[in-house]
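The values are calculated or read from the model by the stated rules, or taken from the named source; none is laboratory data. Every value quoted in this text rests on a predicted model; they were computed, and no experiment measured them. Glycine also receives a Cβ, built like all others from the backbone with ideal geometry; neighbour counts cover every protein chain displayed. With ligands, DNA and RNA removed, areas are computed over all heavy atoms of the protein, side chains included. Shrake-Rupley method; radii C 1.70, N 1.55, O 1.52, S 1.80 Å.
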Amino acid sequence: MSVNAIVPLTNVGLLAAAVESAANRPPELPGLVVMYGPSGYGKSLAAAYAANMHRAYYVECRESWTKKAFVVAVLREMGIIPMKTLSEMVDQIA
């Protein structure tokens, strides 16, 4: 029996469906999926699985982050060097 197998939990299926829905959205709609909840519910595992399954970016947010910290983390995950201002960085992501 493998201990590294991903069990098809509800949160894994729901998040995978949400990421698929965002990927197939009309181009004028935003494509950000957010999952939150208490520690220990498998959010990180579900997010990593869904991101790999759909070639999506996965950023784990911190409670103390500002808007700029979030945008910088997204750009780093995308492999893009952040510009100086928040509005420039949002344009880079878009």
Pull out a ≥ b ≥ c, the square roots of the eigenvalues of the alpha-carbon gyration tensor of the chain, then state rounded if a/c is under 1.5, prolate if not and a/b is larger than b/c, and oblate in the remaining case. prolate
Probe 1.4 Å, protein heavy atoms only - accessible area per residue of the chain in square angstrom: 79 Å²
Under 22 Å from the Cα of residue 43, which lysines turn up, not counting those fewer than eight places away in the same chain? 67
Give the carbon-plus-sulfur fraction of the accessible surface of the chain in %, rounded to a whole number; probe 1.4 Å, heavy atoms of protein chains only. 59 percent
Which value, in debye to the nearest 20, gives the size of the charge dipole of the chain about its Cα centre, when Lys and Arg are +1 and Asp and Glu are -1 at the Cβ? 160 debye
